[in-house]
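For reference, the structure discussed in these notes is given below.
No lab work stands behind these numbers, since they all come straight from the coordinates. Because the structure is predicted, anything quoted here is derived from the model rather than measured. Neighbour counts are summed over all protein chains in view; Cβ atoms, including those assigned to glycine, are modelled from backbone coordinates with ideal geometry.
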Amino acid sequence: MTTVGAPVVQRDFAHTSSDSGALGLALDGRGLLLVSEDTNITAVDLAPGPSPKPTFPYLTTPVGPVGLSAPTDLVVTPDTLFVMDTNRVVQVPMAGGRPVPSLAGIRMNLAGTGGGLVADQVGRPRPVLPGIPNPALFAGSDPGNGDTATGTVVVSDAPLTAGGLPLPPPFPAVPAPPPPGATGAAGAARRVLAIQILPRGTRAPAFPRLRRSGLLFHPGAGRVFSVTFRVARTARLTFTIRTRRGTLVRRFRAGARRRGTVIRFNWDGRDRRGRLVRAGLYRFTVTATARRYHRTARGTVRVIRAL
């Protein structure tokens, strides 16, 4: 890309594995370019060779106890991978240059939609600022409260090298999504943005007959539009939201799920960049795909921006 004037694409370097775009980029220092794509993080080998290059899986959701909904920005330090995921920052420890998903956790929660993410470069000294650890992690936060809203730059209240995963006040902690196979009332009560696996026995219609939370949806304030169903046959599941004209807004993939699994897809009314969508009619599809098996269920939801 040119650094002055209108951007000019010189050549394609890599192609993502889906049409979900390449939103966040980071170099891991070991010859890999990390790419936030859909709900996963993929990688591109920077070794010399013909291009465009393909991406390959690097981190797939759920990442340990954390389910990613829409990663948009990445920062890599020698011992940590930080992921901006809609309205929170996820921290994944690194060991030997590779991420350790089982130790992932939420570093901070943001009051609204997360924007940019940056961490001090280790070994690059900067002046000591009162109340800010060195090195530090910074994130942009958009409260999203209308025309009077003011963007905020948030800094973690603990150094990058500190143990544990503290949450800086005044942002409240968000419960971790239930792990696959969670059972009991507690597992059923938890809500995550993206894919939720409910306990066996939860009442839900068989796919492709879908139960929806409503035809009118007013996003914001933690509200979600949900589609719940029971998998009729072991298959790979995908939930897609598009505009009335067919433009892709958001896509969630649940991967392969066994027959009888109860799945709930939750949509928070945001696009792949974490922005609330405009009011209007949106179309959603749920597809189930396996060998010699393909089923699609369709529906519509009207987004309103005023109650």
Most exposed to least, judged by fewest other Cβ atoms within 10 Å, Ser51, Ser156, Ser36 sort to Ser51, Ser156, Ser36
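Order by neighbour count: Ile304, Ile106, fewest other Cβ atoms within 10 Å first, most last. It would help to have the intermediate numbers written out before the result.
Details: Ile304 11, Ile106 18.
Starting with the residue having the fewest Cβ neighbours, the order is Ile304, Ile106.
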Against the rule of thumb 2.2 N^0.38 Å, how large the Cα Rg of segment 184-303 comes out:
1.02
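Please order Phe265, Phe217 by the number of other Cβ within 10 Å, starting at the fewest. Write out the running numbers ahead of the final one.
Values: Phe265 25, Phe217 20.
Lowest to highest Cβ neighbour count: Phe217, Phe265.
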Quick check: pseudo-label points 7 Å beyond the Cα along Cα→Cβ at Leu248 and Thr300, how many nm apart are they?
2.3
Could you run the Karplus curve 6.51 cos²θ - 1.76 cosθ + 1.60 with θ = phi - 60° over segment 91-104 and give me ³J(HN,Hα) per residue in whole Hz, x for Gly and Pro?
10, 10, x, 10, 9, x, x, 10, x, 10, x, 5, 9, 5
If one computes the Cα centroid of segment 35-78 and of segment 236-301, what distance in Å separates the two points?
21
In terms of modelled amide H atoms, which long-range or inter-chain residues lie less than 5 Å from the amide H of Asn87?
Gly114
Given H placed on each backbone N at 1.01 Å, which residues far from Thr234 in sequence or on other chains put an amide H within less than 5 Å of it?
Arg259
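How much length would be gained if the chain were fully extended between Arg200 and Leu103, taking 0.36 nm per residue of separation minus their Cα-Cα distance, in nm to one decimal? Display every interim value, and only then the final one.
On the way: separation 97, 0.36 × 97 = 34.92 nm, distance 2.74 nm.
Answer, rounded to one decimal: 32.2 nm.
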Under the Karplus relation with 6.51, -1.76 and 1.60 and θ = phi - 60°, whole-Hz ³J(HN,Hα) for segment 250-267, x at Gly and Pro, equal 7, 9, 10, 10, 9, x, 7, 10, 6, 4, x, 5, 9, 10, 10, 9, 10, 10
